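Following: one structure in structure tokens, then a few remarks.
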Amino acid sequence: MSLPATAPIASPPRAAFGDTIEILPKIFHDDTNLAVMRRQLDADLAASVAAQLAVDRRLDWRWRGGVGEALAEDLLNHLPRPSQAKPLVEDITLICEAMAYLFDTETIGVRLQRLEGAMCPRFHVDNLAVRLVSTYAGAGSEWLPEPAAERAGLGAPRPGKPDPLRDAQSIRRLGCGDIALLKGKGWVGNEGRGLVHRSPQAAPGEPRLLLALDPG
């Protein structure tokens, strides 16, 4: 799958927010590196998520392939409480279908993880073109608006390297339930402009449940 080329532009990348799925295609805009559909989990979905997390067990489900019944069945077989998983499985399947449609691909890489700590605690930029993330439980991913990011500090720390965070007061966080598309530096024409973000630190006794999707 090839993503559209974008011409170099002078203005800093921005974020786009909305309450409907129509906000997500704005990720194709040259000046946008974050598109977020704000939402709150309904009662049935929240209860389904809570049921899976009530079982103190590792959950790290991964899938690469088509979007359909096979995906849903495989996910159901890997969840701790399948009898209470229907709303969660249906929601993840719907998000996968939307991702496949948006990027015109038959293949999706999917990861659903229970996290007890920060998976990527240092601010960074993804090497890939784009990733969808959604947090079903716990704190959402943190990101930086351009003025708060010191890109020279990204990557592995070393003596004399600046901190990638210029202003701690400017840290932004996605909400639980939000569906977000994060543009990385692998998007053609977006080199050096990918969204700077990190995983939040999970509170003790409050695991996160994170969904991540990659097209193609």
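Worth pointing out:
- Cα centroid separation - segment 26-59 against segment 172-216, whole Å: 11 Å
- In segment 74-119, the alpha-carbon atoms span a convex hull of 97 Å³ per residue.
- Rounded to the nearest 5, the antiparallel percentage of DSSP beta bridges internal to the chain is 85%.
- Phi to ³J(HN,Hα) by Karplus 6.51 cos²θ - 1.76 cosθ + 1.60 over segment 168-185, Hz, x for Gly, Pro: 5, 6, 9, 5, 10, 9, 6, x, 4, x, 4, 10, 10, 9, 10, 7, x, 7
- Of the residues Pro200, Ala15, Gly175, the one whose Cα sits farthest toward the positive end of the charge dipole of the chain, with +1 on the Cβ of Lys and Arg and -1 on the Cβ of Asp and Glu, is Pro200.
- Nearby lysines by direct alpha-carbon distance to Lys183 (threshold 23 angstrom, same-chain neighbours under 8 apart not counted): Lys26
- In the full protein context, the chain carries 49 Å² of accessible surface per residue, based on a 1.4 Å probe and ignoring ligands, DNA and RNA.
- Carbon and sulfur %, accessible surface of segment 133-204 computed with the full protein complex present, 1.4 Å: 52 percent
- Dipole moment magnitude, nearest 20 debye, the chain about Cα centre, only Lys, Arg, Asp, Glu C-beta charged: 800 debye
- Projected-area mean, the chain, by convex hull of Cα positions, square nanometres: 12.2 nm²
- Using every pair of separate Cα atoms, the Kirkwood estimate puts the hydrodynamic radius of segment 107-168 at 13.9 angstrom.
- Restricting segment 50-99 to trypsin sites (Lys or Arg not before Pro) that sit in a DSSP loop and have at most 11 other Cβ atoms within 10 Å of their own Cβ leaves Arg57, Arg58.
- Between segment 146-161 and segment 75-97, the alpha-carbon center distance in angstrom: 38 Å
- Estimated [θ] at 222 nm from DSSP helical runs (n ≥ 4, -39500 (n - 2.57)) normalised by residues in the chain, nearest 500: -5500 deg cm²/dmol
The values are calculated or read from the model by the stated rules, or taken from the named source; none is laboratory data. Everything numeric here is computed off the predicted structure, so don't read it as measured data. A quick note on method: Cβ atoms are made from the backbone with ideal geometry, for glycine too, and the neighbour counts reach across all protein chains shown. Note: areas computed on protein heavy atoms with side chains; ligands, DNA, RNA excluded. Shrake-Rupley method; radii C 1.70, N 1.55, O 1.52, S 1.80 Å.
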